[in-house]
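The structure appears right after this line, and notes come after that.
The values are calculated or read from the model by the stated rules, or taken from the named source; none is laboratory data. All values derive from a computational prediction rather than experimental measurement. Note that we place each Cβ from the backbone using ideal geometry, even for glycine, and neighbour counts take in every protein chain shown. Each accessible area value is taken on the protein alone, full model and side chains, heavy atoms only, with ligands, DNA and RNA left out. Shrake-Rupley method; radii C 1.70, N 1.55, O 1.52, S 1.80 Å.
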Amino acid sequence: TIAWGSDAGSGLDNTTKTVQRDSATLTNGTCGAFSGSWSSVTLVGGADTTVTTGNCYQYRLVVSDNVSNQTTTSATTSAKVDTTAPSAPSLTLSESSPLSYASGTTLYYNAQGTNSGSFTVDATSTDAQSGIAHVDFPTVFGGDSATDATSAYSTTYSWTASDTASGAKTATATNGAGSTSAGPFTVTK
């Protein structure tokens, strides 16, 4: 929402109302140095429709009164634009005992008798623009879903002889802009 202000003396010259934009590169969630080169933009329905992914933008308003006194507002906070999804998580599974076996992205486990064990799922995902915010790991054996917001992204699942989980599971990476990408793994009893 734009507030152009007012002028109690001569009034605002509505023909001089200008929205200006400066840009910088967005890398891993951080804005680079702004150029200081402000250019006028035309808003469509109140929005700047010419922004492009991988950039940060700051805006300011320029307006004059009817006797040519001009004012320029301070720059807004940075708007970060990332319209691309992160890379699909690359998953690595590792088992803790000979009662389970990891092969690629499949975990085989021997849930019988008094057997129990655990396995770890490590996820790697990247997003060059807004960075990875977190990786969500699914529920496998009931109530064991997890969210990891710190790289290296990982969680450990534990199973007992009474567990029956089997089938495809999905870990989901979310970038700083809220876009997601999924990586599958399989649990087989």
With Rg and Dmax of the Cα atoms in Å defined as stated, name the option among [x] 18.6, 68; [y] 15.8, 46; [z] 26.1, 90 computed from the structure displayed.
[z]
Could you run the Karplus curve 6.51 cos²θ - 1.76 cosθ + 1.60 with θ = phi - 60° over region 55-64 and give me ³J(HN,Hα) per residue in whole Hz, x for Gly and Pro?
10, 10, 9, 10, 10, 8, 10, 10, 8, 10
Max mean-square fluctuation residue, GNM over the chain, Cα-Cα springs under 10 Å, options Val51, Val81, Val63:
Val63
Residues of the chain: accessible area per residue with a 1.4 Å probe, Å²
52
Please give every one of the lysines within straight-line cross-link reach of Lys169, meaning a C-alpha to C-alpha distance under 22 Å, and leave out same-chain neighbours fewer than 8 residues apart.
Lys189
Portion, in percent, of the accessible area of region 123-170 that falls on carbon or sulfur, probe 1.4 Å
47
List residues of region 50-85, by number, whose backbone nitrogen lies under 15 Å from a label position 7 Å along Cα→C-beta of Thr180.
85
How high is the relative contact order of region 64-189, given as a whole-number percent (alpha carbon pairs under 8 Å, six or more residues apart)?
29
